[in-house]
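The values are calculated or read from the model by the stated rules, or taken from the named source; none is laboratory data. Keep in mind that this is a model prediction, so the values were computed, not measured. All Cβ positions, glycine included, derive from the backbone under ideal geometry; neighbour counts span all protein chains shown. Areas reflect the complete protein model, heavy atoms only, side chains present, ligands, DNA and RNA absent. Shrake-Rupley method; radii C 1.70, N 1.55, O 1.52, S 1.80 Å.
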Amino acid sequence: MEKGLVIKSTGSRYKVMFDQGIIAECTIKGKLRVKEIQTTNPIAVGDIVLFEKTQTGNAGIIIKVLDRKNYIIRKSSNLSKRSQIIAANLDQVFLMVTIILPETPVEFIDRFLATSEAYRVPAKIIFNKVDLYGDQELERMELLISLYSKIGYECFRLSLKKEINTILLSNAMKNKINLISGNSGVGKTTLLNLFNPSLKLKTEEISEYHKQGKHITTFPEMHPMPFGGYIIDTPGIKGFGVIDMDRNEIYHFFPEIFRKSRECRFYNCLHLEEPGCAVRSSVEKGEIDHLRYRSYLNILEDDNRKYR
Ligand SMILES: Nc1nc2c(ncn2[C@@H]2O[C@H](COP(=O)(O)OP(=O)(O)OP(=O)(O)O)[C@@H](O)[C@H]2O)c(=O)[nH]1
Ligand SMILES: [Mg+2]
Ligand SMILES: [Zn+2]
C-alpha cells in the first residue's frame, strides 16, 4: 500500500502524488464512504489517501482516505442540499477579489469569509488588478481594506500584470498549503503561472461585453511552488452558498459581530429586533459596518427560506 496526496479530482478519477513527485492515476475502490459529511465527492484535492498500485505502475486504486485536518465545502446554490468538498487539509485560503473587471460584490466576500470561519480555515483577501484602478476604485478598495483588516483579515493590494506586491504574497504562501478562490476572471490562474512559470496553465481575458470571466479553470488542482508549498487553483465561483449553519450560530462566523454579541441583553439574541441588542446599536453607531450586518441578515434570510 502507498500513501499519497490527491492533487486533482475530477469526480471519479484522481491524480495522486507520492514518492516525491511521482503521479498515479487512481480510481476508488467500490463504495468508499467518508463518514462525517454527505457530499457529491468523497475525495477532494488535499486529501491524504492510501492506495494500491496496479501492476502497470502509474495507476492505482484508492482504499482509504485519512482523517482530514479540515476541509472547505460549497453548496451548488444557496438552497441546494448537495454540497461539494472543494479541498481538504488547508493551511489557509485566499479570496481573490477585484473592484472592477469583474466587480466582486461585498456580500460574496462576506459569505466566503463566514464559510471559512465556520470551517476554521484562516482566510486572507487579495485585491488584484490595482493597475486598472482609477481614483474612485482605489478609494473603494481602501474602504474595503480598512473594513476587513479591522476585523482581522489580512489584505493584499496586488497587480499581477505590473508585479506589484507579488513577493509579499509569495512570502505569505511559502511552505503552506494555500487555496485560492474567487469569481471567474479575477486572475487566480495568472497568479499560479507567475509564481511557477513551468505550469503554463490556461488563462483567458474576461468577456468584453459582460465584463465577467469565462470560467476557464474547471477543476480544483494543486500545484507545487518553487518557493515551497502548494497553491490550489479553483474554478471561478458565482454565488457562494453558505454551508448548513445553525440559525443561532451564523453570527459566530462574523468575528466582530460575535465579539459584540456578548453585550446583548439576551443570550440567544439574533440581533434583529430584540431589546438591548448591542450589535444593532453598534451598527447604528457605525462601529460595526452596515454592509457586514446586511450580509449577516441575508444569510439568516436564506436560512428562513429553507424551512418554508
Ligand atoms: N490588468 C490586469 N489584468 C490581470 C491581472 N491579473 C490577471 N489579469 C488578467 O485577467 C484575466 C483573467 O485571468 P485568469 O487568471 O484566467 O482568471 P481566473 O481567476 O483564473 O478565472 P477562472 O479560471 O475563469 O475562474 C486574464 O486576461 C489576465 O491576464 C492584473 O493584475 N492586472
Ligand atoms: Mg483560472
Ligand atoms: Zn444582539
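What number of residues within segment 197-242 are aliphatic (A, V, I, L, M), touching a Lys or Arg at 6+ places or on another chain (Cβ under 6 Å) and more than 12 Å from ligand 1 (Cβ to nearest atom)?
Counting residues in segment 197-242 that are aliphatic (A, V, I, L, M), touching a Lys or Arg at 6+ places or on another chain (Cβ under 6 Å) and more than 12 Å from ligand 1 (Cβ to nearest atom) gives 1.
Of all the residues that make up segment 262-298, how many are more than 26 Å from the chain's Cα centre (by Cα) and in a helix (DSSP H, G or I)?
So the answer is 8.
How many residues does segment 231-261 hold that are touching a residue at least 60 places away in the same chain (Cβ under 8 Å), outside any loop (DSSP other than H, G, I, E, B) and aromatic (Phe, Trp, Tyr)?
Of the residues in that region, 1 qualify.
Going by the structure shown, is SER198 out of contact with any strand residue (DSSP E or B) (no Cβ under 7 Å at 6 or more places or on another chain), open to solvent by less than 20 Å² (accessible area, probe 1.4 Å), away from ligand 3 (no atom under 16 Å from the Cβ) and polar (S, T, N, Q)?
Taking the combined requirement at face value, the residue does not satisfy it.
What are the residues in segment 201-211 that are open to solvent by 40 Å² or more (accessible area, probe 1.4 Å) and away from ligand 2 (no atom under 13 Å from the Cβ), if any?
Matches in segment 201-211: GLU208, TYR209, HIS210, LYS211.
Go through segment 157-188 residue by residue and tally those that are over 19 Å from the mean Cα position of the chain (by Cα), in a loop (DSSP other than H, G, I, E, B) and not aliphatic (A, V, I, L, M).
Here the count works out to 4.
Specify which of the listed residues (TYR153, TYR148) is in contact (Cβ under 8 Å) with a residue 40 or more places away in the chain and either touching a strand residue (DSSP E or B) at 6+ places or on another chain (Cβ under 7 Å) or farther than 21 Å from HIS252 by Cβ (or both).
Result of the check over TYR153, TYR148: TYR153.
Of the residues PRO235, PRO275, only one is open to solvent by 20 Å² or more (accessible area, probe 1.4 Å) and within 11 Å of ligand 3 (Cβ to nearest atom); which?
Being open to solvent by 20 Å² or more (accessible area, probe 1.4 Å) and within 11 Å of ligand 3 (Cβ to nearest atom) holds for just one of PRO235, PRO275, which is PRO275.
Out of everything in segment 115-129 that is among the aliphatic types (A, V, I, L, M) and modelled with pLDDT of 95 or more, what residue ends up being farthest from MET141 (Cα to Cα)?
Step by step, filter segment 115-129, then rank; the result is VAL121.
I'd like to know if segment 151-169 contains one or more residues that are open to solvent by 30 Å² or more (accessible area, probe 1.4 Å), away from ligand 1 (no atom under 16 Å from the Cβ) and among the acidic types (Asp, Glu).
yes
Which one of the conditions (1) over 21 Å from HIS290 (Cβ atoms); (2) at pLDDT below 95 does PHE112 fail to meet, given that it meets all the rest?
(1)
Restricting to segment 224-271, name every residue that is at pLDDT below 90 and either within 16 Å of ligand 2 (Cβ to nearest atom) or touching a Pro at 6+ places or on another chain (Cβ under 7 Å) (or both).
Those that are at pLDDT below 90 and either within 16 Å of ligand 2 (Cβ to nearest atom) or touching a Pro at 6+ places or on another chain (Cβ under 7 Å) (or both): ILE237, LYS238.
Can you find a residue in segment 244-260 that is open to solvent by 20 Å² or more (accessible area, probe 1.4 Å), in contact with a Lys or Arg (Cβ under 8 Å, 6 or more places away or on another chain) and within 16 Å of ligand 3 (Cβ to nearest atom)?
Scanning segment 244-260 turns up at least one residue that is open to solvent by 20 Å² or more (accessible area, probe 1.4 Å), in contact with a Lys or Arg (Cβ under 8 Å, 6 or more places away or on another chain) and within 16 Å of ligand 3 (Cβ to nearest atom).
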